[in-house]
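Here is the structure we will look at, set down as structure tokens.
The values are calculated or read from the model by the stated rules, or taken from the named source; none is laboratory data. Source: prediction; values computed, not measured. Methodologically, a virtual Cβ is constructed for each residue, glycine included, from the backbone with ideal geometry; neighbour enumeration extends over all protein chains shown. Just the protein is used for accessible areas: all its heavy atoms, side chains included, with ligands, DNA and RNA removed. Shrake-Rupley method; radii C 1.70, N 1.55, O 1.52, S 1.80 Å.
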Amino acid sequence: MVEQANELILDILPLSAQTARLVRVYGTAPCVALPGTLPAPEGGSLALTELGDYCFSEKPRSLPAPDALCRYAVGADGAVRLTRAFGLAVGQKPAAEDTPELHPVCGSFLEEVTLPDSVQVIGSCAFYNCRSLRLLTVGSSSLTVGSDVFLNCFALETLRVQAAPEQPT
């Protein structure tokens, strides 16, 4: 089995108005860059606008039922593919030998996260107990941040805001 760098699986809760909330991330590397848009199950696209409560915590709380979620595979090249929609498989399932060993990207495993500009909300305790998280990169759009987002993130040393010089931050 050949392991691909930064291959991700995203569990997403579609919301109204073509937006979506990230519920959980699985992968092979401790550094993740999240996509801003995802193919919608019914066609079109969804903008990733929210990080759910506890989404990067080792012990997530109040997870939606599997039949409410959509699962996406993000390849090493950044291509995003819908693999499950509301509990049902979509398209062809990859062969077992092509699927790297994925585990939750959370807690002490997580080191860096790059959020797309589309993210507007970071839910409460989104990075709870991410003790190795050292870098969070966000866009220039306004963010609503829940409570205790960085509780026990002792290694967090850099919050990078990516914006053009003339953009408000």
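So here's what we get for this one:
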quantity: Amide H contacts of Val90 (H built 1.01 Å from N, under 5 Å, at least 5 apart or other chain); calculated: Arg84, Ala85
quantity: Residue list for region 104-146, given a label point 7 angstrom along the Cα-to-Cβ vector of Glu166 and an amide N cut-off under 19 Å; calculated: 140-142
quantity: Highest-fluctuation residue, Ala85, Ala155, Ala20 considered, GNM on the chain with Cα pairs under 10 Å; calculated: Ala155
quantity: Accessible carbon and sulfur surface of region 104-158 relative to its total accessible area, %, 1.4 Å; calculated: 48 percent
quantity: For region 1-85: rounded, prolate or oblate by the Cα gyration tensor [a/c cutoff 1.5]; calculated: oblate
quantity: Computed label-point distance, nm, for sites Thr19 and Ala155 using a 7 Å Cα→Cβ extension; calculated: 3.2 nm
quantity: Among Leu63, Leu13, Leu110, residue whose mean-square fluctuation peaks in a GNM of the chain (springs only between Cα atoms under 10 Å); calculated: Leu63
quantity: Extension reserve of the Asp67-Val121 stretch, reckoned as 0.36 nm per residue once the Cα distance is removed; calculated: 17.1 nm
quantity: Relative contact order, percent, the chain [alpha-carbon distance under 8 Å, six or more residues apart]; calculated: 23 percent
quantity: Placed amide H near Thr137: partners under 5 Å, 5+ positions off or other chain; calculated: Val113, Thr114, Leu115, Arg160
quantity: Residue with peak Gaussian network fluctuation, the chain [Cα springs, cutoff 10 Å], from Leu15, Leu38, Leu82; calculated: Leu15
quantity: Debye, to nearest 20: dipole size of the chain, +1 on Lys, Arg Cβ, -1 on Asp, Glu Cβ; calculated: 320 debye
quantity: Pairwise label distance in nanometres, Ser141 with Phe86, each label 7 Å out on the Cα-Cβ vector; calculated: 2.5 nm
quantity: Relative packing of 43-53, 64-74, which averages over residues the other C-beta atoms within 10 Å, highest first; calculated: 43-53, 64-74
